[in-house]
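My structure is below; once you've seen it, I'll send some questions.
The values are calculated or read from the model by the stated rules, or taken from the named source; none is laboratory data. What you see is a predicted model; the values in this text were computed from it and never measured. Cβ: placed from backbone, ideal geometry, glycine included. Neighbour counts: every protein chain shown. Side chains included, ligands, DNA and RNA excluded: accessible areas come from the protein's heavy atoms. Shrake-Rupley method; radii C 1.70, N 1.55, O 1.52, S 1.80 Å.
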Amino acid sequence: MLKAHAKIMRLVEVAGEVTGRKKLHKMVYIAKKLQVDFDERFEFHMYGPYSEELTLRVDELCSLGMLDETKESKGAIELYRYKLNEDGREFLQYHNVDIGYGDRLISRMNQENSRFLELVSTVLYFEHLPYEQMKSKVFTLKSMQKYTEEEIQKALAFMDELRDMIKQ
């Protein structure tokens with residue numbers, strides 16, 4: 001099994017359960033931006049940073065019987081839950097998959113909802129821009145989400161919190 005697949009399995013193991021494909025993408029993207037060793041490439045899409053590679057790897061892990069994917073219908077919305085199963089746990093037991101301080105970051109990010117992580121990842125995607133330009137991008141590209149400046153400030157504070165966790 002490829003190393004990149006094993007890192008995804010480790011993320012799900014640390015999280016216990018990841019609720020939503022979008023949330024999984026945002027967690028990997030944010031961790032990667034904080035120098036956790038994930039291999040996936042991301043592009044900006046409708047829900048923020050998205051990785052086709054990550055989608056394929058998760059599908060492969062589910063097909064191989066390493067991850068359990070449960071689909072729930074919530075009205076018009078399909079919600080996916082990911083858990084590491086016994087085969088996946090056994091695999092990780094025999095393969096050293098170290099993502100360093102990523103374990104702490106993943107646990108913390110999993111406490112947040114996907115909407116907030118979508119904002120955090122979008123802010124990170126445009127962090128190279130001056131604040132006003134970044135804010136304008138968020139308000140324009142994420143107009144359907146109706147984010148506020150207060151939420152952007154919370155996203156920035158959350159990033160500071162995660163960066164402080166790295167230093168510990």
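With labels modelled as points extended 7 Å from the Cα through the Cβ direction, what inter-label distance (nm, one decimal) is found for LYS137 paired with ASP160?
Inter-label distance under the simple model: 2.1 nm.
Over the Cα atoms of region 6-47, compute the convex hull volume and normalise it per residue, giving Å³.
Spelled out: Cα convex hull of region 6-47, divided by residues, is 70 Å³.
Where the convex hull is taken over the Cα atoms of region 11-95, what is its projected area averaged over directions, in nm²?
6.0
Taking only the Cα atoms of region 73-168, how large is their convex hull per residue, in Å³?
Enclosed volume per residue, from the Cα hull, is 140 Å³.
Could you please put GLU53, GLU149 in sequence from largest to smallest accessible area, using a 1.4 Å probe?
The most accessible residue leads, giving GLU149, GLU53.
For n ≥ 4 DSSP H runs only, could you compute -39500 (n - 2.57) per run for the chain, divide by its residues and tell me the 222 nm figure to the nearest 500?
-18000 deg cm²/dmol
Follow-up. Calculate the dipole size of the chain relative to its Cα centre from +1 charges on Lys and Arg beta carbons and -1 charges on Asp and Glu beta carbons; express the result in debye to the nearest 20.
Taking the Cα centre of the chain as origin, the dipole is about 360 debye.
Something else now. What lysines sit close enough to LYS32 to cross-link, taking a C-alpha to C-alpha distance under 23 Å and skipping anything fewer than 8 places away on the same chain?
Output for LYS32: LYS3, LYS7, LYS22, LYS23, LYS83, LYS135, LYS137, LYS142, LYS154, LYS167.
Now a separate question. What translational diffusion coefficient, in µm²/s and rounded to a whole number, does the Stokes-Einstein relation yield for region 90-144 at 10 °C and a viscosity of 1.306 mPa s, taking the hydrodynamic radius as the Kirkwood radius over Cα pairs?
Answer from the Stokes-Einstein relation: 117 µm²/s.
Just to be sure I understand the curve: with the Debye formula and one point per C-alpha of region 3-167, what is log10 I(q)/I(0) at q = 0.10 Å⁻¹?
-0.37
Before I look further, what does region 1-49 give for accessible area per residue, probe 1.4 Å, in whole square angstrom?
With the other protein chains kept in place, region 1-49 gives 43 Å² per residue.
Highest first, please rank the peptides 108-119, 86-97 by the mean number of other Cβ atoms sitting within 10 Å of their residues.
Output ranking for 108-119, 86-97: 108-119, 86-97.
Further, regarding this structure: Given a 1.4 angstrom probe, what's the average accessible area per residue across region 71-119, in square angstrom?
Result: 61 Å² of accessible area for each residue.
Taking all protein chains as present, what is the carbon and sulfur share of the accessible area of region 93-168, in % to the nearest whole number, probe 1.4 Å?
50
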